[in-house]
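Worksheet: the structure to be examined is printed underneath.
The values are calculated or read from the model by the stated rules, or taken from the named source; none is laboratory data. On a predicted model such as this, the values are computed, not experimentally measured, just so you know. Heads up, the Cβs are rebuilt from the backbone with ideal geometry, glycines too, and the neighbour counts pull from every protein chain shown.
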Amino acid sequence: MRETRQSGSEGGAGYIPVPTPITITEVGRRMLRFPVHPRYARMLLEADARGCVRPVALMAALTQGRSFLQRGLPRAVDEAREEALGEETESDFFLLMRAWRFADKANYGVDACRRLGIHAQGARAVGPLFASFLEIAEKEGLDVAEKRVDGVAVRKCVLAGFSDQLAKRLDGGTLRCELVHARRGFLARESAIQRAPLLVVAEVSEIGRGDGEVSTLLTLATAVEEPWLKELFPADYREERGVVYDPEMKRVITRRERRFRDLVLEARVSGDEAPLGEAAALLTKEVLAERIKIEAWDETVEQWIIRVNRLAEWFPELEVNVLTEADRATLIEQLCYGELGARAVKDKDKAEIMAVLRDWLTAEQLAVLDDYLPEKLTMANGRKAKIEYAAEGPPVMSARIQELYGIEGGFSLGHGRVPVKIHVLAPNYR
């Protein structure tokens, strides 16, 4: 929803909520005329263009009730079914269609249907639905004539209606699949389409398990080909080249991908060398996420950054720029530039790190930093004590009590402008 102000009105009472305009395509307008589920309306329109309205209308009828093809039957029934209906490798719909035609030809005889594991009454209910879908299609001007049909054309119609349920088999050894919209599921064991690497499923069901978890079951599968995605949905199919950080190889690699919407169809490592700028940006993200640790970036480095920021705070007249988190990322990216692997980044030495950090300041500011906010303070008795700086509060000097003998008064830095807090330690440094 968006809000529009009523002309001549002021204040909250003058706002009238109105719907955000939605643009309907020509195909969408035609789909609205069909009194069927939008998926099947889309399939019927595609079928009209490909000359296969009748089989698609039958498919729509087959999905309106429970499947009449029984499962988990004796091996003899499965063998009889395969002998009578043939082996299916392209679509579970096709097997259902052949089973229905068998039952229809047998006049839904119980004995004939039982031999193939077909529920006769369930199959009989499909006939009137089929006739109804054909009538709807004919009223909308679609060609419902009986004709020889290409199975590829029918499968493309299924893809047109169920593109949002495109699934990719994750491996050949299991039935695990990855779907569009970052979903995962398992192809039903009874599906005849278990060898296809790419498929669309007409039904996605969540099944509760005994352990309280939920499994996503994929049924009524149809094998599809990748070129069809580009043919039917050119705006959603793309080939990309990019760089990624491979945590196993511990380096930045160039990868080429083919995607349909958010589903990666194939990704492979390219032989191309990753651009150094992109590699540096990725390695920087890994460092900031603490998946790569620059060993020499230690407390000494952090103290230097804090000293710079406190110098900017306590002495604004020096015009020192504060080192923000974004600046820190920029400095790390400079260290990563020119590298592809985590090992090279991890092994950066202290000299390289400090050289990049010191470039943040001018030569004059660098000199003032060591003068005003030194790492160590020399006391009147000649002893040196380390100074600890924090993002807030005064600098702290820690010294054992015997090192403070003979010292009178307090301590300060920055020519007396920054008082120093003293932590007096016992001889054992506690």
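Here are the numbers for this structure:
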quantity: Hey, R189 at pLDDT 90 or above and either surrounded by 17 or more Cβ atoms within 10 Å (Cβ to Cβ) or not assigned by TED's automatic domain parsing to the domain that holds I292 (or both) or not; calculated: yes
quantity: In the range 356-387, the residues that are farther than 13 Å from V308 by Cα and touching a strand residue (DSSP E or B) at 6+ places or on another chain (Cβ under 8 Å); calculated: K376, L377, T378, M379, R383, K384, A385, K386, I387
quantity: Some residue of the range 85-103 being over 38 Å from the mean Cα position of the chain (by Cα) and acidic (D, E); calculated: no
quantity: Residue that is surrounded by fewer than 19 Cβ atoms within 10 Å (Cβ to Cβ), over 20 Å from T222 (Cβ atoms), touching a helix residue (DSSP H, G or I) at 6+ places or on another chain (Cβ under 7 Å) and at pLDDT 95 or above, where the choices are A106, A123; calculated: A106
quantity: Among (1) in contact with an Asp or Glu (Cβ under 9 Å, 6 or more places away or on another chain); (2) more than 22 Å from V345 (Cα to Cα) - the single one I292 does not satisfy; calculated: (2)
quantity: Sole exception among (1) closer than 30 Å to W297 by Cα; (2) out of contact with any Leu (no Cβ under 8 Å at 6 or more places or on another chain) for A274, by number; calculated: (2)
quantity: Number of the exception - G172 against (1) free of Cβ contacts under 8 Å to residues at least 24 places away in the same chain; (2) over 42 Å from the mean Cα position of the chain (by Cα); calculated: (2)
quantity: Residue satisfying condition, being at pLDDT 95 or above, in a strand (DSSP E or B) and among the hydrophobic types (A, V, I, L, M, F, W, C), within set L229, L199; calculated: L199
quantity: Criterion violated by P35 - all others in (1) more than 22 Å from T219 (Cβ to Cβ); (2) without any contact (Cβ under 8 Å) to a residue 40 or more places away in the chain satisfied; calculated: (2)
quantity: Test: S91 is among the polar types (S, T, N, Q), under 23 Å from R195 (Cα atoms), crowded, with 20+ Cβ neighbours inside 10 Å and touching a strand residue (DSSP E or B) at 6+ places or on another chain (Cβ under 9 Å); calculated: yes
quantity: Of the criteria (1) at pLDDT below 95; (2) more than 18 Å from T219 (Cα to Cα); (3) touching a helix residue (DSSP H, G or I) at 6+ places or on another chain (Cβ under 9 Å); (4) not hydroxyl-bearing (S, T, Y), which one E83 fails; calculated: (3)
quantity: Subset of the range 381-430 [modelled with pLDDT of 80 or more and among the charged types (D, E, K, R)]; calculated: K384, K386, E388, E392, R417, K421
quantity: Enumeration of residues in the range 242-272 that are part of a strand (DSSP E or B), in contact (Cβ under 8 Å) with a residue 24 or more places away in the chain and of a type in the set (K, R); calculated: R251, R258
quantity: Which listed residue is in contact with a Phe, Trp or Tyr (Cβ under 8 Å, 6 or more places away or on another chain), under 30 Å from V264 (Cα atoms) and not polar (S, T, N, Q), from L116, L159; calculated: L159
quantity: Subset of the range 124-142 [within 42 Å of the chain's Cα centre (by Cα) and within 14 Å of D104 (Cα to Cα)]; calculated: V126, L129, F130
quantity: Residue count, the range 204-226 (criterion: assigned to a strand (DSSP E or B) and under 23 Å from the mean Cα position of the chain (by Cα)); calculated: 8
quantity: Strands (runs of 3 or more DSSP E) within the range 332-400 that include 2 or more residues crowded, with 16+ Cβ neighbours inside 10 Å; calculated: 384-388, 396-400
quantity: Sole exception among (1) closer than 26 Å to D92 by Cβ; (2) surrounded by fewer than 15 Cβ atoms within 10 Å (Cβ to Cβ) for A267, by number; calculated: (1)
quantity: Considering residues of the range 20-51 that are touching a Lys or Arg at 6+ places or on another chain (Cβ under 8 Å) and not in a helix (DSSP H, G or I) only, the residue modelled with the highest pLDDT; calculated: G51
quantity: Any chance L159 is surrounded by 20 or more Cβ atoms within 10 Å (Cβ to Cβ), out of contact with any Pro (no Cβ under 6 Å at 6 or more places or on another chain) and under 30 Å from T254 (Cα atoms); calculated: no
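Rundown of residues vs (1) of a type in the set (D, E); (2) in contact with a helix residue (DSSP H, G or I) (Cβ under 9 Å, 6 or more places away or on another chain); (3) at positive phi, yes/no style:
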{"position": "D150", "(1), (2), (3)": "yes, yes, no"}
{"position": "R155", "(1), (2), (3)": "no, yes, no"}
{"position": "C177", "(1), (2), (3)": "no, no, no"}
{"position": "V180", "(1), (2), (3)": "no, yes, no"}
{"position": "R184", "(1), (2), (3)": "no, no, no"}
{"position": "V201", "(1), (2), (3)": "no, yes, no"}
{"position": "L218", "(1), (2), (3)": "no, yes, no"}
{"position": "T222", "(1), (2), (3)": "no, yes, no"}
{"position": "L232", "(1), (2), (3)": "no, yes, no"}
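Each row is one residue, and each column tells you yes or no for (1) closer than 25 Å to A274 by Cβ; (2) free of Cβ contacts under 8 Å to residues at least 12 places away in the same chain.
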| residue | (1), (2) |
| --- | --- |
| V320 | no, no |
| R328 | yes, no |
| L331 | yes, no |
| G338 | yes, no |
| R343 | yes, no |
| M354 | no, no |
| L357 | no, no |
| W360 | no, no |
| L366 | no, yes |
